[in-house]
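**Q** Pasting a structure here, questions to come.
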Amino acid sequence: MTRAAAPARTGLFGGTFNPIHLAHLRAAEDVAEALGLDRVVFVPSATPPHKKPAPGETMAPAALRVAWVHLAVCGNPRFAVDDLEVVRGGLSYTVETLRIYRERLAPEAPVFLIGQDAMQEIGSWKEPEALLELAHFAVMTRPPLPPLPLAEVIPPALAAAFDFEANGQLARHRTAGTLVRRVRITPLDVSASDLRARLRSGRSVRYLIPDAVRDAVLESAVYAGSHAQRGVPK
Ligand code: ATP
């Protein structure tokens, strides 16, 4: 992408996407619409520092997760995929991705899409202060948790750098000028961990992930448990 071609308003949606599902896609669509973004770039992580698979859990190979995200977004002209974290390899640190995008999009800052649950944990990410200075953040509600005011979502040590406005729906970084905005999205209680559990036990994931992704996931058999020998429901 050349600098001149950089769109004015770009969302970045980082995640493991293990696998990508309909709630990810609807959330990105809602944020794009609410904030008037020209596009949302999905950025699958390589080895995420915060997502060590629990015993019995599977982290699908990065190349597969990237391929599934491509399948999921290909029908939406506003959606794109960037595999820079997978190409970079090693641990995926969002702060490094944001520095690259900040440079590419200058003088615009990207909008990073993040679930409320993930924002509550951002203090444990690499360079959390820098993260909040490099990009705007769109904090997405995520069921079953109720939407909380931003002052309760941004960890206290980081919240001190912000002024809170609009009944806790907006936070403005006092020195960097970046914004954290709460965006209400269509509540869909779909999670990748639940999908993996269904796939492990041979249950259906139809209508929870796009058909093309479901076909590719089943074809890979990456999450399949012992039921795989007996055939997987389509
Ligand atoms: P897992 O269930 O494996 O923990 P996850 O979907 O939480 O998966 P990611 O794929 O890394 O993990 O999620 C990417 C981003 O999407 C995160 O910011 C997460 O909070 C957000 N997200 C995931 N599911 C939903 C959902 N149902 N509604 C809103 N946001 C979501």
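**Q** In nanometres, what is the gap between the two model label sites at PHE164 and ALA106, each 7 Å from Cα along Cα-to-Cβ?
**A** 3.5 nm
**Q** GNM, the chain, Cα, under 10 Å: largest mean-square fluctuation among GLY11, GLY56, GLY202?
**A** For the chain, modelled as a Gaussian network with Cα springs under 10 Å, the answer is GLY56.
**Q** Specify the residue with the greatest mean-square fluctuation among PRO143, PRO61, PRO110, computed from a Gaussian network of the chain linking alpha-carbon atoms under 10 Å apart.
**A** The residue that fluctuates most here is PRO61.
**Q** Within the chain, which complete DSSP H helices have Cα atoms spanning at least 15 Å along the helix axis and a mean Kyte-Doolittle hydropathy of 0.5 or higher?
**A** 62-73
**Q** Shifting gears a bit: Beyond 15 Å, how much of the Cα-Cα pair distribution for segment 126-174 remains, as a whole percent?
**A** When all Cα pairs of segment 126-174 are counted, 45 percent exceed 15 Å.
**Q** Let me ask something else. Rg to Rh ratio, segment 75-141, alpha-carbon atoms and Kirkwood radius? Intermediate results must be reported in sequence, preceding the final value.
**A** Working: Rg = 12.6 Å, Rh = 13.1 Å.
Rounded to two decimals, Rg over Rh is 0.96.
**Q** Could you compute the longest span of the chain free of GluC sites (Glu not before Pro) located in DSSP loops and having at most 16 other Cβ atoms within 10 Å, not counting the site residues?
**A** Result, exposed sites excluded: 122-234.
**Q** Tell me whether segment 108-234 comes out rounded, prolate or oblate; compute the Cα gyration tensor, take square roots of the eigenvalues as a ≥ b ≥ c, and use a/c under 1.5 as the rounded threshold. Can you show the working numbers first?
**A** On the way: a/c = 3.01, a/b = 2.64, b/c = 1.14.
Judged from the Cα gyration tensor, segment 108-234 comes out prolate (a/c at least 1.5, a/b above b/c).
**Q** Work out how much length GLU29 to ARG198 would gain on full extension: take 0.36 nm times their residue separation and subtract the Cα-Cα distance, in nm to one decimal.
**A** Answer, rounded to one decimal: 58.3 nm.
**Q** Just how much of ILE100 is accessible, in Å², when a 1.4 Å probe is used and the result is rounded to the nearest 10?
**A** ILE100 has an accessible surface of roughly 70 Å² with all protein chains in place.
**Q** In whole angstrom, how far apart do the alpha carbon centroids of segment 70-118 and segment 124-192 sit?
**A** For segment 70-118 versus segment 124-192, the Cα centre distance is 17 Å.
**Q** Which percent of the Cα-Cα distances in segment 10-188 go past 19 Å?
**A** 56 percent
**Q** Can you work out the FRET efficiency for the pair TYR207 and GLU127, with r the C-beta to C-beta distance and R0 = 22 Å, to the nearest 0.05?
**A** 0.05
**Q** Which is farthest toward the positive dipole end of segment 47-172 among SER92, PRO55, SER124, measuring Cα position about the Cα centre, with Cβ charges +1 (Lys, Arg) and -1 (Asp, Glu)?
**A** It is PRO55, whose Cα lies furthest towards the positive end.
The values are calculated or read from the model by the stated rules, or taken from the named source; none is laboratory data. What you see is a predicted model; the values in this text were computed from it and never measured. As a convention, Cβ positions derive from the backbone with ideal geometry for all residues, glycine included, and neighbour counts pool all protein chains shown. SASA here: full protein model, heavy atoms, side chains in, ligands and nucleic acids out. Shrake-Rupley method; radii C 1.70, N 1.55, O 1.52, S 1.80 Å.
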